[in-house]
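One structure below.
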Amino acid sequence: MTPVRLQKAISAAGLMSRRAAEDLIREGRVTVDGRKAVLGDRCDPEVSVVTVDGARIPIAPGIVTYLVAKPPGVVCTTKDPQGRRTVIELVPPEPRVWPVGRLDTDSEGLILVSNDGDLTNHVTHPSNGVTKTYVVEVSGNPGRKALRALEEGVELDDGPARAVSARRLDLSGDRSLIEIVMNEGRNREVRRMCDVIGHPALRLVRTAIGPIVDRSLGPGSWRILDPGEVAALYRYGRS
């Protein structure tokens, strides 16, 4: 792709007007490939890494990230040999995208679907500290000791697992709602952790991915993340 004016590339990404982008460049808040930008700089939207206030922004044409409310029974793969509905079938067929991370088939809630490889790596790699928040309906009434065990770490068959935080939200009869925040997403990890503490998960809903929350999305619905939300994801965590 032919290099274009930096402010034009930022504006085309939908984050702000061209004039606002020029102001940010003048203020020294924009970098291109690690170098502080100046007015007149050009970039290649296909390959250049552009940041605003230290947060990367997506400027490559054709990049899209959907926020999807996955219903139970839908699998988080691009194809399923068993013929089950996939999360990819919930979003438009073009451009080609993939799930960012996973939710097990029985679980529901928020998942990102994208064709942005850099964002996928940032969100899924535990070292970046992009947490995922779950509200879990469990059997019984886990007390402080059980919740502390989740935070201190429990042993699973594929190694230790630890929640960033765990707290009880509600108690109704022989069932409780607890909120668990995780920094990684191994296969059925939260469910297996609940099994270990003796309070099996009856229902699991992911309610947040880092700073991204949307209570208005109904099961099976989706929307496009705006560039500001993508920037917030890059800004979130330890990176």
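The values are calculated or read from the model by the stated rules, or taken from the named source; none is laboratory data. Remember, predicted model here, so these are calculated numbers, not experimental data. Here the Cβ positions follow ideal geometry from the backbone for every residue, glycine too, while neighbour counts run over all protein chains shown. For the accessible areas, the whole protein counts, side chains as well, though only heavy atoms, and no ligand, DNA or RNA atoms are used. Shrake-Rupley method; radii C 1.70, N 1.55, O 1.52, S 1.80 Å.
Just for the range 6-31: of the residues that are free of Cβ contacts under 8 Å to residues at least 24 places away in the same chain, of a type outside the set (A, V, I, L, M) and not in a loop (DSSP other than H, G, I, E, B), which one is farthest from residue 230 (Cα to Cα)?
Looking at residues that are free of Cβ contacts under 8 Å to residues at least 24 places away in the same chain, of a type outside the set (A, V, I, L, M) and not in a loop (DSSP other than H, G, I, E, B), I get 26.
So, residue 229, is that one in a helix (DSSP H, G or I), in contact (Cβ under 8 Å) with a residue 12 or more places away in the chain and open to solvent by 40 Å² or more (accessible area, probe 1.4 Å) or not?
no
Starting from residues that are touching a helix residue (DSSP H, G or I) at 6+ places or on another chain (Cβ under 7 Å) and among the charged types (D, E, K, R), keep the ones in the range 163-192 and report whichever is nearest to residue 105 (Cα to Cα).
Applying the filter and picking the extreme gives 184.
List the pairs whose first member sits in the range 57-69 and is touching a residue at least 60 places away in the same chain (Cβ under 8 Å), whose second member is open to solvent by 10 Å² or more (accessible area, probe 1.4 Å) and of a type in the set (Ser, Thr, Tyr), and whose Cβ atoms are under 6 Å apart, counting only residues at least 6 apart or on separate chains?
69/221
Would you check which residues across the range 127-158 are within 20 Å of residue 196 (Cβ to Cβ), in a helix (DSSP H, G or I) and out of contact with any His (no Cβ under 8 Å at 6 or more places or on another chain) and list them?
144, 145, 147, 148, 149, 150, 151, 152
Which of the residues that make up the range 31-67 are among the charged types (D, E, K, R) and open to solvent by less than 40 Å² (accessible area, probe 1.4 Å)?
If we filter the range 31-67 for residues that are among the charged types (D, E, K, R), which is where we start, we get 33, 35-36, 41-42, 44, 46, 53, 56.
41, 44, listed by residue number.
Name the single residue that is surrounded by the most Cβ atoms within 10 Å (Cβ to Cβ) among those in the range 68-83 being under 22 Å from residue 218 (Cβ atoms) and not charged (D, E, K, R).
68
Mind counting the residues in the range 110-126 that are under 15 Å from residue 211 (Cα atoms) and of a type outside the set (Ser, Thr, Tyr)?
Here the count works out to 6.
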